[in-house]
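The values are calculated or read from the model by the stated rules, or taken from the named source; none is laboratory data. Not measured: the values here are computed from a predicted model. For neighbour counting, all protein chains shown are included, and Cβ atoms are generated from backbone atoms with ideal geometry for every residue, glycine included. Surface areas here come from the heavy atoms of the whole protein model, side chains and all, with no ligands, DNA or RNA. Shrake-Rupley method; radii C 1.70, N 1.55, O 1.52, S 1.80 Å.
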Amino acid sequence: MVFCANPSFKSVNNVSFKIYEGETLGLVGESGCGKSTLGNAILQLDKATAGKILYRGKDLTKLSDKEIRELRKEIQIIFQDPYSSLNPRLTVGQAIMEPMKVHKLYKTEAERREKAIEILHRTGLGEAHFNRYPHEFSGGQRQRIGIARTIALQPKLIVCDESVSALDISVQAQVLNLLNELKENFGFTYIFISHDLAVVKYMSDQVLVMNKGKIEEMNEADALYAHPEKDYTKKLIAAIPSA
């Protein structure tokens, strides 16, 4: 896959990998290496200028606008900034039910409300939070709301784009554990994007290291961490703060 925002510069170039259902692929590298661009291309938020993006045998780059809208139910994203990703004018309950309405999930408003409350409980919140607004919550709680909104559509693939980098360390751990618990319970497949190799190792089955828009190295998480082959990967590991 190739993505060129500028014809003289390829922000993602000749990237090829596979991800299997139910696993987590960690995508790690410095800021500006092309991680988020790659995630956006998979979501069809950015358009690849060459190559293919295959999802269950379908080339996403060839889909019509209608087909892309339908695909939104299966491929979702958890954003880095939980506050800006939520509409401040909508209550938490409305924010979670809104995608259900768009994709015509459940027959009645009562059913959607019941499902939204169930999802809030699943993400460590509860019915008491249903009618509150985003500004009434902490950063960690807002990220849980963002996750609740994402899983409301029961997606197959979730792109987590720096989804804990804006949180304090203790809150990060809570959200990471929540994501792993949801993956185990619902069978989600994650593409987990981060500049933090320690976080990526904790979350991932396999890790893809990106540098300047290209794949630098790819391996199972434990193997890559224990025996990195490339100098760039070794530098990322060396930069991890010691306990």
Mean Cβ neighbour count within 10 Å, used as a protection proxy, ranking 79-88, 105-114, 125-134, 160-169 highest first: 160-169, 79-88, 125-134, 105-114
Heavy-atom accessible area of Met97 with all protein chains present, probe 1.4 Å, nearest 10 Å²? 10 Å²
Mean residue ellipticity at 222 nm from the helices of the chain, using -39,500 (n - 2.57) per DSSP H segment of n ≥ 4 over the full residue count, to the nearest 500 deg cm²/dmol? -11000 deg cm²/dmol
With a sphere of radius 12 Å drawn around the Cβ of Phe79, what net charge do the other residues whose Cβ falls strictly inside it have (Lys, Arg +1; Asp, Glu -1)? -1
Once the principal axes of the Cα atoms of the stretch 15-107 are found, what is the range along each, listed largest first in whole angstroms? 40, 31, 27
His227, His103, ranked by accessible area, largest first (probe 1.4 Å): His227, His103
Kirkwood Rh and Cα-based Rg: tell me the resulting Rg over Rh for the stretch 84-215, rounded to two decimals. 0.99
So, with +1 on the Cβ of K and R and -1 on the Cβ of D and E, and no other charges, what is the size of the charge dipole of the chain about its Cα centre, to the nearest 20 debye? 820 debye
Show me, for the stretch 199-206, the HN-Hα J-couplings you get by feeding each phi into the Karplus relation (A = 6.51, B = -1.76, C = 1.60, θ = phi - 60°), rounded to Hz, glycine and proline as x. 5, 4, 4, 4, 8, 9, 7, 9
Please list Asp196, Asp59 in order of solvent-accessible area, largest first, computed with a 1.4 Å probe with all protein chains present. Asp196, Asp59
Check: the stretch 34-146 dipole with +1 on Lys, Arg Cβ and -1 on Asp, Glu Cβ, in debye: 280 debye
Taking every pair of alpha-carbon atoms in the stretch 111-176, give the share separated by more than 13 Å as a whole percent. 65 percent
Once the dipole of the stretch 130-243 is set up from charges on Cβ (+1 Lys and Arg, -1 Asp and Glu), the residue from the list Tyr133, Ile193, Val175 lying farthest towards its positive end is Tyr133
Probe 1.4 Å, accessible area per residue of the chain, Å²: 52 Å²
So which GluC sites (Glu not before Pro) in the stretch 1-107 are both in a DSSP loop and have at most 16 other Cβ atoms within 10 Å of their Cβ? Glu21, Glu23, Glu30, Glu74
One quarter of the convex hull surface, Cα atoms only: what value does that give for the stretch 139-202 in nm²? 4.0 nm²
Once the dipole of the chain is set up from charges on Cβ (+1 Lys and Arg, -1 Asp and Glu), the residue from the list Ala239, Ala223, Leu54 lying farthest towards its positive end is Leu54
Using the Kirkwood radius over Cα pairs, work out the Stokes-Einstein diffusion coefficient for the chain at 20 °C and 1.002 mPa s, in µm²/s as a whole number. 114 µm²/s
Interchain or long-range residues, amide H under 5 Å from Val12's placed H: Phe3
Just in the stretch 202-243: which GluC sites (Glu not before Pro) are loop by DSSP and have at most 16 other Cβ atoms within 10 Å? Glu229
With charges set only on the Cβ (+1 for Lys and Arg, -1 for Asp and Glu), what does the dipole of the stretch 115-243 come to about its Cα centre, in debye to the nearest 20? 320 debye
Express the carbon and sulfur contribution to the solvent-accessible surface of the stretch 51-190 as a percent, rounded to the nearest whole number, probe 1.4 angstrom. 47 percent
Once the Cα atoms of helix 92-102 and of the chain are each reduced to a long axis, what angle between those two axes, in degrees from 0 to 90 to the nearest 10, is obtained? 80 degrees
Just to be sure I understand: with springs between alpha-carbon atoms less than 10 Å apart, which residue in Ser170, Ser204, Ser16 has the highest mean-square fluctuation in the Gaussian network model of the chain? Ser170
